[in-house]
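*Asks:* Below you will find the structure I want to go over with you.
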Amino acid sequence: MRSGPDLLEVVDDWTKRMYDRYHALHHLDMSFGPWLYRVFLLPGTLQVDLAFVPAAEFRALGPSFRLVFGESNEPRHAPPPQGESLIGMAWLYALHARTSIARGRLWQAEYMIAGVRNHALALACVRLGLPAVHARGADLLPSEITAQFERSLVKRLDLAELKRAFGVALLALMNEIQASDERLAEKLSPAITMLRESS
């Protein structure tokens, strides 16, 4: 955007247009740095994403960006998630999964086990140079990696099944930590083993 209307006025104008002309059912906002993504749900389940950013920040954020017209600033690609951060989030979910199982909170335990699995899958994607955000690269992982995660899916909501799936998720997580960072794997192995044995 060049000089002219305030960014929020432009967002409001497009929002009104999406509701009036295209009969949007609902919308939500997602932010990424200075970018605002307004995501609309249209009748028939069509999703329309509109991105808004001040002109000074308009640039490619990823390698798939293609400028159709106008001008953009120098690209600034967003870095992939860091392995150490994914590992930290995975063990944090694991701690909460153990507590949820111990308290008999079945739905919360399933959610936390999925968090362990999802962060370990993202770690595998990062390690192999695949897109890691929102599981975009998960279907490109080799079958020997995804097989271990498949076994960590919760099949029913009872304590025995949650404990089984949790143990498998922890083993898959430990395998990924080992493959990604041997030094950190050595430090975390006793705690992960304790989590598996206590579930």
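The values are calculated or read from the model by the stated rules, or taken from the named source; none is laboratory data. All values derive from a computational prediction rather than experimental measurement. Neighbour counts are summed over all protein chains in view; Cβ atoms, including those assigned to glycine, are modelled from backbone coordinates with ideal geometry.
*Asks:* Just the residues that are basic (Lys, Arg) and without any contact (Cβ under 8 Å) to a residue 24 or more places away in the chain, please, taken from the range 35-63.
*Replies:* Arg59
*Asks:* State yes or no: is Arg127 among the charged types (D, E, K, R), touching a helix residue (DSSP H, G or I) at 6+ places or on another chain (Cβ under 7 Å) and under 24 Å from Thr193 (Cβ atoms)?
*Replies:* For Arg127, the condition - among the charged types (D, E, K, R), touching a helix residue (DSSP H, G or I) at 6+ places or on another chain (Cβ under 7 Å) and under 24 Å from Thr193 (Cβ atoms) - is met.
*Asks:* Can you pull out the residues in the range 138-162 that are in a loop (DSSP other than H, G, I, E, B) and either at pLDDT below 95 or among the basic types (Lys, Arg) (or both)?
*Replies:* If the condition is that a residue be in a loop (DSSP other than H, G, I, E, B) and either at pLDDT below 95 or among the basic types (Lys, Arg) (or both), then Arg151, Lys155, Arg156 are the ones that fit.
To keep it simple, each residue is scored yes or no on (1) without any contact (Cβ under 8 Å) to a residue 12 or more places away in the chain; (2) touching a Lys or Arg at 6+ places or on another chain (Cβ under 9 Å); (3) closer than 18 Å to Gln178 by Cα; (4) among the hydroxyl-bearing types (Ser, Thr, Tyr).
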{"position": "Ala109", "(1), (2), (3), (4)": "no, yes, no, no"}
{"position": "His119", "(1), (2), (3), (4)": "no, no, yes, no"}
{"position": "Leu123", "(1), (2), (3), (4)": "no, no, yes, no"}
{"position": "Arg127", "(1), (2), (3), (4)": "no, no, yes, no"}
{"position": "Arg136", "(1), (2), (3), (4)": "yes, no, no, no"}
{"position": "Leu141", "(1), (2), (3), (4)": "no, no, yes, no"}
{"position": "Ala160", "(1), (2), (3), (4)": "yes, no, no, no"}
{"position": "Lys163", "(1), (2), (3), (4)": "no, no, no, no"}
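*Asks:* Next up: Would you check which residues across the range 124-170 are more than 18 Å from Glu110 (Cβ to Cβ) and over 21 Å from the mean Cα position of the chain (by Cα) and list them?
*Replies:* The one that is more than 18 Å from Glu110 (Cβ to Cβ) and over 21 Å from the mean Cα position of the chain (by Cα): Glu144.
*Asks:* Restricting attention to the range 155-199, and to residues there that are aliphatic (A, V, I, L, M) and under 14 Å from Ser100 (Cα atoms), which single residue is surrounded by the fewest Cβ atoms within 10 Å (Cβ to Cβ)? Give the derivation first.
*Replies:* Step one: list which residues in the range 155-199 are aliphatic (A, V, I, L, M), which gives 157, 159-160, 162, 165, 168-174, 177, 179, 184-185, 188, 191-192, 194-195.
Keeping just the survivors that are under 14 Å from Ser100 (Cα atoms) gives 157, 159-160, 162, 165, 195.
On the way: Leu157: 11, Leu159: 13, Ala160: 8, Leu162: 24, Ala165: 25, Leu195: 22.
Result: Ala160.
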